Amino acid sequence: MTPLGRPRTFDRALALRNAMEVFWALGYEGATLTDLQKAMGGLTPPSLYAAFGSKEELFREAVELYSRTLGDPMKKALDETPTARAAIEALLHAAVQAFCKPGAPRGCMLVQGAMGTSTSSSVEQYLRRLRTRRRKLIQQRLERAVEQDELPPGLDLAGIASFYTTVIDGLALQARSGASRKSLNFAASCALAAWDAIITQNLSDHKTRS
């Protein structure tokens, strides 16, 4: 028997995808229950909670879906590209693609999802952990390059990873503000052009400290 308030044709996967787009576009605080109900096929609040738990549980599940789908090309760019420099290049341009995907909200759900929430809120802390994970994945790719003698030892890999994470977050915010794909790709190319200078400066700083 169909639960009261749940459409007979209720498709949980589709409802979750639609909720993801609402949260992506409006953020956790900006997405009202009415917005979510409308996007998810007219679910009543009791049926929405029965299917997904609380609003925060729905949000977390939507973020996991975002990470598995929209975030996957960025992860593959790091994992499957042969050199660290090429991996960073592929990552930056994959980010631009994800942030300007036709028919989807602009920007990054991990960056704008917590806008308007307190820095101490569980939602902000959750998204912060995911953004930190992205930085760690970049750092791990750089560490692999050092192990394979592609990059010299002594580099501040955490600092380099933080720089490119900051670039990605900036691309997300600019995309959200309406920047063109062309301008975002130009910014990504400029950040990549800094690669050699960053490596050189890092080595120089390391020698000075040694």
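The values are calculated or read from the model by the stated rules, or taken from the named source; none is laboratory data. Worth saying up front: this structure is predicted, and the values here are computed from it rather than measured. Neighbour counts are summed over all protein chains in view; Cβ atoms, including those assigned to glycine, are modelled from backbone coordinates with ideal geometry. Only protein heavy atoms, including side chains, enter the accessible area calculation; ligands, DNA and RNA are left aside. Shrake-Rupley method; radii C 1.70, N 1.55, O 1.52, S 1.80 Å.
Structure data summary
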{"quantity": "Residue list for the stretch 11-47, restricted to those being among the polar types (S, T, N, Q) and part of a loop (DSSP other than H, G, I, E, B)", "calculated": "32, 44"}
{"quantity": "Filter pass, residue 95 being crowded, with 16+ Cβ neighbours inside 10 Å, within 30 Å of residue 191 (Cβ to Cβ) and not aromatic (Phe, Trp, Tyr)", "calculated": "yes"}
{"quantity": "Out of 76, 101, sole residue that is in a loop (DSSP other than H, G, I, E, B), out of contact with any Lys or Arg (no Cβ under 6 Å at 6 or more places or on another chain), open to solvent by 30 Å² or more (accessible area, probe 1.4 Å) and under 30 Å from residue 142 (Cα atoms)", "calculated": "101"}
{"quantity": "Single residue of the stretch 79-92 satisfying the filter (open to solvent by 20 Å² or more (accessible area, probe 1.4 Å) and aliphatic (A, V, I, L, M)) that is nearest to residue 194 (Cα to Cα)", "calculated": "86"}
{"quantity": "Tally, over the stretch 164-204, of residues that are closer than 30 Å to residue 26 by Cβ and either open to solvent by 30 Å² or more (accessible area, probe 1.4 Å) or under 17 Å from the mean Cα position of the chain (by Cα) (or both)", "calculated": "24"}
{"quantity": "Pick from the stretch 79-98, criterion free of Cβ contacts under 8 Å to residues at least 40 places away in the same chain and in a loop (DSSP other than H, G, I, E, B), ranking: nearest to the chain's Cα centre (by Cα)", "calculated": "81"}
{"quantity": "Single residue of the stretch 113-150 satisfying the filter (open to solvent by less than 20 Å² (accessible area, probe 1.4 Å) and either modelled with pLDDT under 90 or in contact with a Lys or Arg (Cβ under 9 Å, 6 or more places away or on another chain) (or both)) that is farthest from residue 71 (Cα to Cα)", "calculated": "145"}
